[in-house]
Structures are given as C-alpha cells and as structure tokens.
Amino acid sequence: MSLDEMNAEDGSVREPYARVAQWLATVSPEQLERRRVEAELFYRRGGITFAVYGDAQGEERIIPYDIIPRILSTQEWSKLAAGLEQRVKALNAYLRDIYGPQDILKAGIVPPDLVWRNPAFRPEMCGVEAPHGIYVHIGGIDIVRVDEEEFYVLEDNARTPSGVSYMLGGREISIRLMPELFRSHRVAPIENYPNELLATLRSVAPRGTMSEPTIALLTPGIHNSAFYEHSFLADGMGVELVEGVDLFVRDDVVYMRTTEGPKRVDVIYRRIDDDFIDPLVFRPDSALGVPGLYGAYVAGNVTVANAMGTGAADDKVIYSYVPDFVRFYLGEKPILKNVQTWRCRDPEDLRYVLDHLAELVVKEVHGSGGYGMLVGPHATKDQRADFAERLKVHPENYIAQPTLALSTCPTFVSNGVAPRHVDLRPFVLTGADGVRIVPGGLTRVALRDGSLVVNSSQGGGTKDTWVIEC
Amino acid sequence: MRIFIQHRTHYAYGSPAKAVMQLLRLTPRNHDGQTVKSWRIDLNCDGVLKAGEDPFGNLTHTLALNGPISDLEVTVEGEVETEDRHGIVRGACERFPAGLYLRETPLTEADAALKEFAHDVTSEARKDRLEMLHCLLVGIYSAIKFDTTPTNSATAASEAFKLKRGVCQDLTHIFIACARHLGVPARYVGGYMLRTDGVTQQEAGHAWAEADVEGLGWVGFDPANGICPTEGHVRVATGLDYLGAAPIRGTRQGGAEEQMRVAVQINQARSQWQS
Amino acid sequence: MLSRTADSLFWFSRYVERADYLARVLEATIRLSSLPIRREDAENEWASALATAGCRADFDALYDWVSPAKVTRFLAFSKRNPTSIRNCLRIARRNARQVRTALTAEMWDTINTAWLELNKLDFDNMDASAMARFLEWVKEISLRVDGSGYRTMLRNDAYWFARLGIFVERADNTARILDVKYHVLLPEHVVVGGGLDYSQWAAILRAVSALTAYHHVYHESLKPMRIADLMLLNPKMPRSVASCYGAICANLDSLAEAYGRQGEAQRMARSMHNKLENARIEQIFETGLHEFCETVIAENVRLGAAISEQYLV
C-alpha cells in the first residue's frame, strides 16, 4: 500500500489536507468538471502549450491540469528545502571538482570511466573557471514520497530543467477558480519565482561587470516545445528573449544586436542544449548557437546558466553517487534519501537485476522523459525477456530501482475523485549570494489508474502545490 | 629531417560575408622527435587573430573578421625538425588521462559492421595490444580504398566503412572506432606528411590515429598508408575525432556559395645548420 | 529593443499594408474590366494590375498568357506568388508570432484570427461575389490591425517601427500605381472616347481610396494633373507619397530622439520629404511623371535598406 497524502491508513484525514477534504465533501462532480474545463480554457487561451516531439502534425497540446491542489505542511517543506539545498550544493561541488582538480576520482569514490566516457561530460570545460564556481544555477530535483517520514530523490535535472511555467500557471488557476479554498489556507507564495530567478542570474554576472548586468534568455525559437515558457520567463524578468542570431561575439565579449546598436550581454540564461551552444566548439552544424560564445565564457566575460557540461552530474548512474558527494564535499549526512539503485555495469548488480526483473524498474542511464524504461511489474513476459537481452548487450547503459509505491493524492478523473500517483519537481536556484527555492514546485500526476509514469509526454498531468501552515 | 610546410586555405564567397569567425588549429608544438624551428600564420586581410590553447593542449588561434569579405586566405608556413621514433609519442602535451579517449563521438561510433570487422581482423592477436593494433592498421589499409570522392568532413566512420572508401580522415575514424570498441584508448591526429614519392604539392593536410599501449604510451598508426608515423609525419593537433583536431572550423554571417581551396606544399628543407 | 524584434514589427506592418493595397488594385481592376471596353484594353488592365503589384515576372514564369481569372487567382491567393494576398497575410502572421510579446493582445488576436479565417476559405470555388467579399474582408483586416495598433500600443520604439513599415510600404504602393498608369494621365494619351478616360482615372484613385477625397479637395471633374498632384504631393491625402514621407520622418525622428542619435535613414527621409514639399506638379509633368515616379520608387527602396542597416540587422 502506498501513502495517500490525504487519507491516512486508519481512515482519518492527514492534517494538511483537513480543509481540502471538507471542501471535496461539499463540491459536486459537476462543479469540479466546470472548473476543470475553465482551467483548460485558461491554458489554451494563454497559449500555455507544448509540442510533442515526433508528432507529425506538430500539434500544440496542453498538459492536463488537475484542480485539486497537492498540500505540503511547512514542516514537511522545511525539511525538504534543506535537503534540496544540500543536494544542489553537492552537485555543484561535484562539477567544480570534475572540471577542476578531480579529487573525487583520486579518492576512488567515482570510477573514472563514469566521468571520461559520460557523453554529457564536456572535456572542453576542464580547467575552465565557472563564474563564482557555480554550474547548476537552475536545478530541478524530482522528489517522491513513499511514507510519512522520508522524501526520496528520483532524479536530478541539472541541464535545462523545464516546467516552471506550469507551476506558476497552476497557481494562477487556483487563485482564480478556487478563491475560497485558496483563501482558507495560508499558502506560501510562489509568484515571485521570476524575480528570484532574476536575482540569481544577476548575482552570477562575471566579476568586474560594471553597473547593472545585462541578462538575456537564449531560446532555440518558436518551434521549441518549451517556447511558451521561455517567453513567459523573459517577460516575467523583463529581459530580452534572444535567439542565436541576435547575439554575436567580438573580442571575447558577447553582444546582442539592438536597434540602438550592439549591447553587451553579461549573463545568458540559455534554454538550448550544450551541443548547440557554439558551432566552433560543439556541433558544427548548429544554427541555434553563437559562434565564439565558448571563448567568451572561457575568457570570463559572460556567464552561461546553466554552465555547459552540467549533464555530467545528472545521469542515472551518477545519481547513485550523489549521497557520496554530500558526504565527500560537504562533510554532511544526506538529508534526502536516494532510491536504491543497482548499477548494471557492475556484474553482481546485473545478475541481481536479471533475476528480479519482474519487481524492478529498469531505466536507461541517459534516457529521459520516461522513454526507454521497463516497469517490471507492469511489463509482459515478452517485454521483460526483450529487455533482458538489451541489458546483457549493454549493461552499462542501464540502472535498476525497486518499484516504488509512490504516494497518491486525490485527483479529479472521469469517474470522480480518486487517488493518483504523484511526484514533485521543486526548482532550486543557486546564485553567488546563496540558494533560493520558492516553496513547493511542480506536482506531476499520473492520470491513468495505477500508472507510475508522470511525464507529460506519457499521459501525465500537473497540479498546484500548496505549502501551508497548519 | 627538416621539413618545410606551407598550407594555404582560400575561401571565396559568391556574395561578400558580413563577418567570419574561425577557430584555427594550425600550429604544431614540440615533443620528443619534433621541434618547430619556425612557424607563422598570415592572413590576406586585416583581422583579429587571438592565440590560445584548447583543453586538449592544442595551440589555437581565433580569427575574427568583419566584412564585407569577398575572399579570405589563411596561410601557415614554417619548418619542423623531426626524428623517427617509430610512431611512439613522448614528451607531448597531455591534458587528459588515456581513459578519456575511450569516449564514443558521433563521428567515431562503431556500428555492428565495424564491431564485427574489429574483432575479425584482430582475432589472431587478442593478447598483445600492440600486435592487435598492427592487425587493425593493416586490416583497414587493405579493406578501405583511398578515394576522395564519396566522403566529406562530416562523414562518420560507419558510413565510410560501408562505402569501403574514404580519405585519411575516414580511415582514421574507422581505426579509432575499432580501437575504442576493442577497449583501446585512441585519438585523432591532424598534421602533415612528407611524401616519399617526391610529390611536394598536396591537396590537404594529413590525418592518422594514435592509440594508447601499456608500457609505450601513445603510438601512432597511419591507416591511409598502412604504416606507423615516420620522421616524415608532423603532428599539429589531437582530439577525440576530426572535429577536435580540425585545422579550421569556421562560421560566417551572410555571404553565399562559399568555395574553399586548399594547397599544401611539403618538402624537405635545406637545413641552414647542415655542415 | 532587439533588432530582430524591430525587423519583425516593421515587416509585419509592411505585409498587412501590402495585402490591403493588393485588394484595392484587384477591386479597381475588376471594376474597370467590367466596363464596355475593347478586349485588348481589358487585357491591358489585367496586365497592368500585375505590374502595379510588382509581380509580372513571377506571373510570367507560371503562365503563358494573361486572363482575368488567372491574374485574380494569382494576386489573391496563389501559393506560388510570394506576395499574393494570402502569402502576405501568412508572412505578416509569421512575423507577428515571432514578436508576440511586443504586440498587444488585440493586434495579435486580429492577425491570428485573420489567418485562421483565411485557412477556412474555399479558394477553389469562389465566384465573383465571394471574391468581392474576400477583398472587402482583406481591407477590413488591415483597418483592424491599424486601428488596434493605434489604440493599444505603447508609444515607444515598437510602435514607431510598426508605423514605419506601414508608411514605407504605402509610399511604394502609391508611387508604383502611378508609375504603371502614368500614361493614361499624360496629355498625349489617345482619347478612347466617352467616359472611359474618366473610368481609368477613377480606377487609379479608387486603388488608393482617394476618389471622394479628390472631389473634396479640388471641387471639379477629374483632371490628370490634379490626380497626380493628389497622389504625389498633397500632404492631406493619407496615401499620398508626401503624406507617407511626413509620417516616415515623424516616426524616424521619434526613434532618433529616443535613442539619442540619428543616421542615414533620417537624412534620406528628410531629403525626400523636402523634395516632395517643394515640388510642383506642373514641373513634374514637364520633366516627366514617369521619371519622377521611378526616382521615388528607387529612393524608397534605398530608404528601406538604410532603415534596415541602421536598426534591423
């Protein structure tokens, strides 16, 4: 049995959900349905859509939104927040180390080939000093609960985590469509996220930046699935939304082309992948990036957030070492738990995994979006046999984890209100002046009964997340 | 042996480019058996040329020009003193442990055919790494026909292997892909080679591979010639693949129909120190 | 603001304006060709519609001869004519989408809705009255874009670039129609008889929606020189080249003031404006109306390039 965040096992209502339970007892399915439709309309009218890759029509879809909020108490949140801060500090320390002195390799904690052969590791970043020593300015840490006590990290996202516009959109809907319920709780605000992001980006401007740093958000353009989020954040921060063609580099300084002539850019919040950042150094056929940007970064004249090469800290094998990072770099005990992980590259682990495929979730080390994974208990015998073959050919490409009984939250589905599995992606901002986290994050919910996959590309939805005093 | 090298790269643009930016890896370094006596870079126009070093230790120049630019010529020229070291590279600038060079890159990914080939040609010599690499060298030299037509600078090892044709870059990529698949760290070397047949005008620089052998360190293998590098080889840059060692990587803004012409002249220099 | 943003605003406006102009040219031509004129003359009207739209060469690449149906189709909604009304609206919407946040919600709504409606039209089965409704609708769209911009946009550089686009395009269009039709305004023009001259002249004025204005300004019957005067030099006529240049100068000056610097674009626009202010239509007729129009068109193209060079790239 998994934890239901509203209904405790003894039939009582867990304290944070007291008012939500009362409210649910009074609203009719018709009222809920009306609000669901209105919420959908809000997303559609606002153009808060995403494009599904591989969808031939390039159709713009909206992510289903569930109007019943997910509740965390401030006590729960403060423990989680402390753990998140610690985790992201450790990730930054690890990146600083592998692109610098590589102490963790010398200490024998991480096998060197996990660094050298990791496709997301960028040799080009070695010996390059990151401004203020920060690599992961914006981190998305996926959190799950399995019991009352503990939060588990499911995955770290250190590249260009997205979803924050859904977090903020969800809050907008709560305030508009459920004002009574919202007012009856004291919900910690999150609307200041763009401001916090701006403050973070400002704080990491290269040393020696005169006056106000100029910040720009670099997007691949309107065809990108997250373009709405890019324009939303640029607007919310009051910074220019630029494409590669808007920027150029002269004498290792980045400028944007404006109607008033070239304007120096100090900080680039980039939402394009490493591969595309600079065709002189990375993929030569990239038309999305800026020739010379890498050189400007190396010269210390521009901050790129997140730094290039952060993916070396967030694949699913490295994940299993993050608690070691906390101990090694910070000398602290990890606050957040890791899900037990078998590394199939290790022959003993592989043997265990092959013997227990029916109980385990097997994931590709460099996969994302819920693709390329096997959920043992839900898979057919043939699927498991097929996966076992793949495991034997390329064990190093896989890890396995126990099938977690993710916690559930009340969710409005076609046949009324029912428990559905959820996770949580809080966004952790790291600046030169400290870590900022707006309380809550994006709750993702698996809308299909019994499903554990919360990814939007796989039929997941989102919920507003309320951190309340109770 | 003293080798004279002159390498001209000429770009002509159908309509003038507004700006050009290039990353040059055109300057050799010294190591045991290779001493650069003189070296210079010339441009046929005014531009900013900034010297630097990439994380692999290659000497780089970043070239920035603001247009209109209708043509551009980059010329490097100099003399290098070499000695035959049987392909063994010592005293070179090494920034990464050999283990890094097991990374797969898009250009050096081994597909099923390449993997099978790698095992086949080395089946006799699995025990000794050096012997295995020699088998690989000979195997590639005899399996792939040198042909400048079917491939280009973006051709991956597996594509060239399927064609069984390619230039030194392709053969080198094939060698690297196979070596890495067999668990041997391998890397790409861009440079020049003095031809033994007396021909001094060449259409491009040269490329070969280096592999890490216990006890010896990095050892060169030139699959286009089926030999280990001799005193006729001049190393300029190394990388995980062509992209990391390319003599020129460039981008331009505006301008149409770029035409590139390369002329390389390599001959034995008449040493002024000769007595 | 980003040069790319300014560029998109500028071209967004230009393409909406061009769609409007094409609709007017088509309307005037349809009307003229329904009059009892000789077949060759009617054919000429359609050919000159193509010339006024500046796409004769594109048309000739696709068709062997000129027919009313072909020209109408080509100018209104051919996908193969890069500046058909349909393509103009498509490009305008694409530019608007690029800079959605620089436009007001009302402007975006107008062009986006127009685009969605356009896609629902059945172009293959359009009779004369459906075509008339379509052209009427296109003119309405430009009015709505114009009006929503005027009523909702902040008066800052975004607004000025959008306005510049309208007037640079409009000056070009007015000069172009005069340039193609100048021969019917010349004294040596052979009188074909009856009211046909009148119809020809009226058609020109209609294409720039100035027929009523003419009567108000001159209080007399249509005279070629007056028509040219109204279209080139009259500062009160919103589609006259002089009036367009007045607006171009004003918007460029606003930019220069906001940015604290001016350049070639301002100098060129001012010089052209002065030239138009000081010109007299009699002199223009003496030295050649055609030559004058050619100069205006060429200068206008150069101005567009100067604006682009100074602000948009």
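Evaluate the Debye formula for segment C:63-110 with equal point scatterers sitting on the alpha carbons, no solvent, and hand back log10 of I(q)/I(0) at q = 0.27 Å⁻¹, in q order, two decimals. Relative scattering, expressed as log10 I(q)/I(0), comes to -0.91.
Between C:R267 and A:K263, the C-beta separation translates, for a Förster distance of 30 Å, into a calculated FRET efficiency of about 0.80. Sites listed here are chymotrypsin sites (Phe, Trp or Tyr not before Pro) in segment B:8-96 whose DSSP assignment is loop and whose Cβ has at most 13 other Cβ atoms within 10 Å, and the list is empty.
Starting from the amide H of A:V361, placed 1.01 Å from N in the peptide plane, find each other amide H under 5 Å away whose residue is 5 or more places distant or on another chain. Amide H to amide H, under 5 Å and 5 or more residues apart or across chains, A:V361 pairs with A:G376, A:Q401, A:T403.
Within segment C:1-48, the residues that become at least 20 Å² less accessible when every protein chain is included than when their own chain is isolated (1.4 Å probe; DNA, RNA and ligands ignored) are C:M1, C:L2, C:S3, C:R4. Buried surface for the C/A pair, taken as the accessible area of each chain alone minus that of the pair with a 1.4 Å probe, is close to 1400 Å² in total.
Using the rule -39500 (n - 2.57) for each DSSP H run of four or more residues, divided by the residues of chain A, the 222 nm mean residue ellipticity is -8500 deg cm²/dmol.
The residues of segment B:17-48 listed by number as losing at least 50 Å² of accessible area in the complex, against the isolated chain and with a 1.4 Å probe, are B:M21. Using bins of 10 Å that start at zero, the share of Cα-Cα pairs per bin across chain B amounts to 7, 29, 34, 22, 7, 1, in whole %. Within segment B:1-34, which residues have the backbone N less than 15 Å from the label spot 7 Å out from B:E77 along Cα→beta-carbon, could you tell me? Those under the cut-off are B:4-10.
Could you order B:T9, C:T83 so the one with the most accessible surface comes first? Probe is 1.4 Å.
C:T83, B:T9
Our coupling estimate for segment C:118-126, obtained by passing each phi through the Karplus curve with A = 6.51, B = -1.76, C = 1.60 and θ = phi - 60°, is 4, 5, 8, 5, 9, 5, 6, 10, 10 Hz, Gly and Pro reported as x.
With N denoting the number of residues in segment C:192-256, provide Rg(C-alpha) divided by 2.2 N^0.38 Å, to two decimal places.
On the way: Rg = 14.1 Å, N = 65, 2.2 N^0.38 = 10.7 Å.
For segment C:192-256, the normalised Cα radius of gyration is 1.31.
According to the calculation over all Cα-Cα pairs in segment B:223-275, the P(r) per 10 Å bin from zero is 13, 33, 32, 17, 5, 0 %.
Working from the pairwise distances between different alpha carbons, so that the mean of 1/r is found and then inverted, what is chain A's Kirkwood radius in Å?
23.3 Å
Across segment A:283-297, coupling constants 3J(HN,Hα) worked out from phi with the 6.51/-1.76/1.60 Karplus curve, θ = phi - 60°, read 4, x, 8, 6, 9, 8, x, 10, x, x, 5, 4, x, 5, 5 Hz, and Gly and Pro carry x. Counting only lysines at least 8 places from B:K145 when in the same chain, those with an alpha carbon closer than 22 Å to its own are B:K115, B:K162, B:K164. The orientation-averaged projected area of the convex hull spanned by the Cα atoms of the protein assembly as shown comes to 52.6 nm². Residues of segment A:272-296 buried by at least 30 Å² of accessible area upon assembly of all protein chains, compared with the chain on its own (1.4 Å probe): A:L280, A:P284, A:P291.
Of the accessible area of segment A:342-402, computed with a 1.4 Å probe over protein heavy atoms only, carbon and sulfur atoms account for 48 percent. Nonpolar atom fraction for segment B:84-245, defined as the carbon and sulfur part of the 1.4 Å probe accessible area, stands at 52 percent. When all alpha-carbon pairs of segment C:92-169 are counted, what percent fall beyond 19 Å? Of all Cα-Cα pairs in segment C:92-169, 40 percent lie more than 19 Å apart.
Applying the criteria of a DSSP loop state and at most 16 other Cβ atoms within 10 Å to the trypsin sites (Lys or Arg not before Pro) of segment B:153-261 yields B:K164, B:R195. In this assembly, the B-A interface accounts for approximately 1700 Å² of buried accessible surface in total, computed with a 1.4 Å probe and without ligands, DNA or RNA.
Using a ≥ b ≥ c from the Cα gyration tensor of chain C (square roots of the eigenvalues), is it rounded, prolate or oblate, where a/c under 1.5 gives rounded and otherwise the larger of a/b and b/c decides, a/b for prolate? Oblate, since a/c reaches 1.5 and b/c is not below a/b.
The Cα-based radius of gyration of segment B:84-245, divided by its Kirkwood radius, gives an Rg/Rh of 0.93. Based on the Cβ-Cβ distance of A:D382 and A:R34, what FRET efficiency does E = 1/(1 + (r/R0)^6) give at R0 = 35 Å, to the nearest 0.05? Working from the Cβ atoms, E equals 0.20.
With the simple model of a label 7 Å out from the Cα in the direction of the Cβ, A:A25 to A:E469 spans 2.6 nm.
Scanning residues 5 or more positions from B:F221 or on other chains, those with amide H under 5 Å from its amide H are B:A209, B:E210, B:A211, with H placed 1.01 Å from N in the peptide plane.
Relative to its residue count, segment A:60-105 spans a Cα convex hull of 133 Å³ per residue. Projecting the Cα atoms of A:V413, A:F248, B:T82 onto the charge dipole of the protein assembly as shown (Cβ charges, centred on the Cα centre) puts A:F248 farthest toward the positive pole.
At an R0 of 25 angstrom, the distance between the Cβ atoms of C:V217 and C:Q283 translates into a FRET efficiency of 0.80. Less than 5 angstrom separates the built amide H of B:L182 from none of the residues sequence-distant by 5 or more or on a different chain. The residues of the protein assembly as shown expose, per residue, 42 Å² of accessible area to a 1.4 Å probe.
Percent of C-alpha pairs per 10 Å bin in segment C:155-313, short distances first: 10, 40, 30, 15, 5, 1. Between C:P224, C:P36, C:P235, the Gaussian network model of chain C with springs among Cα atoms under 10 angstrom shows the greatest mean-square fluctuation at C:P36.
Tell me the relative contact order for segment C:1-152 as a rounded percent, counting alpha carbon contacts under 8 Å between residues six or more apart. Once divided by the residue count of segment C:1-152, the mean separation gives 32 percent. The equivalent ellipsoid of segment B:10-86 has semi-axes of 30, 13, 9 Å, largest first, where each one is the square root of 5 times an eigenvalue of the Cα gyration tensor. Across the protein chains, with a 1.4 Å probe defining accessible surface, the residues A:K333, B:K127 rank B:K127, A:K333 from largest area downward. Across segment A:342-402, the convex hull enclosing all Cα atoms gives 67 Å³ per residue.
Considering all different alpha carbon pairs of segment A:141-247, the Kirkwood hydrodynamic radius works out to 16.7 Å. For segment A:408-417, backbone phi angles converted through the Karplus equation (6.51, -1.76, 1.60; θ = phi - 60°) give residue-by-residue couplings of 10, 10, x, 9, 8, 10, 4, 9, x, 8 Hz, Gly and Pro being listed as x. As a ratio to 2.2 N^0.38 Å, the alpha-carbon radius of gyration for segment C:1-152 is 1.10.
Which pairs, out of C:K181/C:K223; A:K337/A:K363; A:K337/A:K392, put more than 21 Å between their alpha-carbon atoms? In this structure, A:K337/A:K392 lie more than 21 Å apart at Cα.
For Cα pairs less than 8 Å apart in space and 6+ apart in sequence, what is the mean separation divided by the residue count of chain A, i.e. the relative contact order in percent?
24 percent
How large is log10 of I(q)/I(0) for segment A:212-330 at q = 0.10, 0.11, 0.13 Å⁻¹ when the intensity is taken from the Debye formula with one equal scatterer per alpha-carbon? So the normalised log intensities are -0.35, -0.41, -0.56.
The values are calculated or read from the model by the stated rules, or taken from the named source; none is laboratory data. Since the model is a prediction, treat every value here as computed from it, not as a measurement. So basically every Cβ, Gly included, is an ideal-geometry build from the backbone, and we count neighbours across all protein chains shown. Note: areas computed on protein heavy atoms with side chains; ligands, DNA, RNA excluded. Shrake-Rupley method; radii C 1.70, N 1.55, O 1.52, S 1.80 Å.
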